[in-house]
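A.B. asks: Before anything else, here's the structure in question.
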Amino acid sequence: MNRQKTLIAAVFLLLTGATAGILLYVSTHQKLGSPGVLTRSLPGTRNLQVVLPGQVPGFACQIITTQAEEVVQALPDDTSFGTCRYTAQDGFQSLANVVLMGTDRSSIHKPQVCLTAQGWEIDESSSKVEKIGMQKPFPYDLPVMRLTATQRIEAGGETKTRRGVYVYWYVDGGKITALNSQIMWWMARDMFLTGVLDRFSYIAYFSVCEPGQEEHTFDRMKALIAGSVPQFQLVPHATRGVTASGP
């Protein structure tokens, strides 16, 4: 019995030492992967600016260069951003926002956190993975998570209800997915096998509409995404394709 206990203890110590060695190796040999979005450097900082298109057919484009203070404070210092408001001639609007992680993976949080913090209540029953048909750089289906949310606001002594359509997905230098769980798996796998920390972005488009206009709004958003995303998202590569994940 003592011999068995000694053997178990020895195996435990061996596995613990091996695990510690692997973690030490990974931490000292870690490399940051390539982003999957177009960026430019910000002088005097280690951050980047995600370059969203300033020209999309049918839309006026307002590039927003500053982020809300509470957003900046909540995310790691090396988080990079890109934000643009797109407005059609009939008044339809969609806010595009990209959050690009640095060496701290906590930059890539679930977008649901931001929505609920702004007073939106997510309708889980109507939220699902969708596929948007893209034509550039070649025809493919872009997997996205579509959330539908409700917000009630007081105006003129009345409570008004409005709906929000929030579409998002994740991308790095060679992979696309609509699922947060998938990027966590990819990051853990690639760190262990290659020592490369996948540099993911999450890309989101958000539009507000009247109740009952959710499908029409989503159709408008799909057209905007098809026209704008190929101008700044670097995957899929025309020569290498893409690793995509989504139901």
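A.B. asks: Across the range 73-96, what is the total count of residues that are assigned to a loop (DSSP other than H, G, I, E, B) and in contact (Cβ under 8 Å) with a residue 60 or more places away in the chain? Spell out how you get there, then give the answer.
C.D. replies: We begin by selecting, within the range 73-96, every residue assigned to a loop (DSSP other than H, G, I, E, B); these are 75-79, 89-92.
Right, trim to in contact (Cβ under 8 Å) with a residue 60 or more places away in the chain and you get 92.
So the count comes out to 1.
A.B. asks: List the strands (runs of 3 or more DSSP E) that sit entirely inside the range 122-178 and contain at least 1 residues that are of a type outside the set (D, E, K, R) and surrounded by fewer than 22 Cβ atoms within 10 Å (Cβ to Cβ). Full working, then the answer.
C.D. replies: Working: elements: 128-134, 140-155, 158-171, 175-177.
So the answer is 128-134, 140-155, 158-171.
A.B. asks: Does Leu142 qualify as being under 26 Å from Ile63 (Cα atoms) and in contact with a Ser or Thr (Cβ under 6 Å, 6 or more places away or on another chain)?
C.D. replies: Numbers: under 26 Å from Ile63 (Cα atoms): yes; in contact with a Ser or Thr (Cβ under 6 Å, 6 or more places away or on another chain): no.
No, not satisfied.
A.B. asks: Could you tell me which residue of the range 69-121 is nearest to the chain's Cα centre (by Cα), considering only residues that are among the small types (Gly, Ala, Ser) and under 19 Å from Cys209 (Cβ atoms)?
C.D. replies: Ala96
A.B. asks: Please tell me if Met145 is free of Cβ contacts under 8 Å to residues at least 12 places away in the same chain, within 13 Å of the chain's Cα centre (by Cα) and under 22 Å from Ser107 (Cβ atoms).
C.D. replies: Judged against the criteria, Met145 is not a match.
A.B. asks: Under 6 Å between Cβ atoms, at least 6 apart or on separate chains: pull out the pairs that start in the range 163-178 with a residue that is assigned by TED's automatic domain parsing to the domain that holds Ser126 and end on any residue that is among the aromatic types (Phe, Trp, Tyr) and in a strand (DSSP E or B).
C.D. replies: Tyr166/Phe206; Val167/Tyr205; Tyr168/Tyr202; Tyr170/Tyr202; Thr177/Tyr170; Ala178/Trp169
A.B. asks: Being assigned to a loop (DSSP other than H, G, I, E, B) and exposed (fewer than 15 other Cβ atoms within 10 Å of the Cβ) is the filter; apply it to the range 107-121 and report the residue that is modelled with the lowest pLDDT.
C.D. replies: Initial filter on the range 107-121 (assigned to a loop (DSSP other than H, G, I, E, B)): 108-111, 118-120.
Okay, now just the ones that are also exposed (fewer than 15 other Cβ atoms within 10 Å of the Cβ), so 110, 118-119.
Values: Lys110: 78, Gln118: 86, Gly119: 88.
Out of the qualifying residues, it is Lys110.
A.B. asks: Being at pLDDT 95 or above and farther than 20 Å from Pro139 by Cα narrows it down to one residue among Phe206, Phe232, Phe192; which is it?
C.D. replies: Numbers: Phe232 fails: farther than 20 Å from Pro139 by Cα; Phe192 fails: at pLDDT 95 or above.
Phe206 is the lone residue from the list that is at pLDDT 95 or above and farther than 20 Å from Pro139 by Cα.
A.B. asks: How many residues does the range 43-69 contain that are assigned to a loop (DSSP other than H, G, I, E, B), free of Cβ contacts under 8 Å to residues at least 24 places away in the same chain and in contact with a strand residue (DSSP E or B) (Cβ under 6 Å, 6 or more places away or on another chain)? Give the steps one after another, and end with the answer.
C.D. replies: If we filter the range 43-69 for residues that are assigned to a loop (DSSP other than H, G, I, E, B), which is where we start, we get 43-47, 51-55, 57-58, 65-68.
Among the residues that remain, those that are also free of Cβ contacts under 8 Å to residues at least 24 places away in the same chain are: 43-45, 55, 65-68.
After this cut, where a residue has to be in contact with a strand residue (DSSP E or B) (Cβ under 6 Å, 6 or more places away or on another chain) as well, the list is 67.
So the answer is 1.
A.B. asks: Assess whether Ser181 counts as being among the small types (Gly, Ala, Ser), more than 18 Å from Val235 (Cα to Cα), part of a strand (DSSP E or B) and in the same structural domain as Lys110 (by TED's automatic domain parsing).
C.D. replies: Criteria not met by Ser181.
The values are calculated or read from the model by the stated rules, or taken from the named source; none is laboratory data. Source: prediction; values computed, not measured. Quick reminder, even Gly has a Cβ in these numbers, built from the backbone with ideal geometry, and neighbours come from all protein chains shown.
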